[in-house]
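Here the structure is laid out as structure tokens; the discussion comes afterwards.
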Ligand code: ADP
Ligand code: MG
Ligand code: MG
């Protein structure tokens, strides 16, 4: 079973990965965006880590809803409300249980990804974070490592796609040939599950 500590570790592992990869994420956002994805998420996930320490929420659902709220209030870009919605909706779906199973997490994350698609209007193949998140949720039944591999593959597979949502879509065909920054950061988020589970 996964308790609040697991979910805290997931968020802090993601914050550390975003810190490590911030320059890379911003570099990916340079040719097809406005070169701020790394700094946006770094600001957001640092705030998440700080708030989780201060407020110590004691259920899985409370950890994720608090994290989601922080992302929405600290990240100015498109990715803030989208990631915030992902975590808040996933947290809400987990309810008030003190511990949840991996199958419950998979269902909750599916609800979270659905909420991101409803909010942003992106479908798989539109060259967004959805292209990493949907394969990750599909693979979650096979474990965290399988989900992380699926997310990484999904992010890499955005390179030949033309963007149909977000800033990159303004470039039309010129968005082809570049890996999507949000799909890349989503792969870091899913990889955080592996790290959190290893403790
Ligand atoms: P901004 O584009 O406002 O500067 P960021 O650079 O932080 O925001 O985030 C850009 C990422 O957000 C994109 O790479 C893409 O993955 C994701 N994104 C943008 N618009 C959407 C959308 N409508 N649905 C899903 N993801 C989106
Ligand atoms: Mg940007
Ligand atoms: Mg921006």
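Residue 185 meets the conditions (1) within 16 Å of ligand 2 (Cβ to nearest atom); (2) part of a loop (DSSP other than H, G, I, E, B) in every case but one. The failed one is (2). Applying the set (1) on the phi > 0 side of the Ramachandran plot; (2) in contact (Cβ under 8 Å) with a residue 12 or more places away in the chain; (3) within 14 Å of ligand 3 (Cβ to nearest atom) to residue 37 leaves exactly one unmet item: (1). Scanning region 103-123 for residues that are assigned to a helix (DSSP H, G or I), near ligand 1 (Cβ under 10 Å from one of its atoms) and either out of contact with any helix residue (DSSP H, G or I) (no Cβ under 9 Å at 6 or more places or on another chain) or within 16 Å of residue 143 (Cβ to Cβ) (or both) yields no hits at all.
With respect to being part of a helix (DSSP H, G or I) and surrounded by fewer than 17 Cβ atoms within 10 Å (Cβ to Cβ), residue 171 fits the description. Which members of region 85-104 meet the condition of being buried (at least 24 other Cβ atoms within 10 Å of the Cβ) and closer than 15 Å to residue 59 by Cβ? Across region 85-104, the qualifying residues are 87, 90, 91, 94.
Inspection of region 88-99 identifies no residue that is at pLDDT 95 or above and under 14 Å from residue 180 (Cα atoms). Looking only at region 62-84, residues that are within 16 Å of ligand 1 (Cβ to nearest atom), in a helix (DSSP H, G or I) and surrounded by fewer than 21 Cβ atoms within 10 Å (Cβ to Cβ) come to 5 in all.
What about residue 68, is it within 22 Å of residue 121 (Cβ to Cβ), within 16 Å of ligand 2 (Cβ to nearest atom) and in contact with a helix residue (DSSP H, G or I) (Cβ under 9 Å, 6 or more places away or on another chain)? It is false that residue 68 is within 22 Å of residue 121 (Cβ to Cβ), within 16 Å of ligand 2 (Cβ to nearest atom) and in contact with a helix residue (DSSP H, G or I) (Cβ under 9 Å, 6 or more places away or on another chain). Taken over region 150-161, residues that are within 21 Å of the chain's Cα centre (by Cα) and in a loop (DSSP other than H, G, I, E, B) amount to 4.
The values are calculated or read from the model by the stated rules, or taken from the named source; none is laboratory data. Model, not experiment: these values are computed from the prediction. Reconstructed Cβ throughout: ideal geometry from the backbone, glycine too, with neighbour counts over all protein chains shown.
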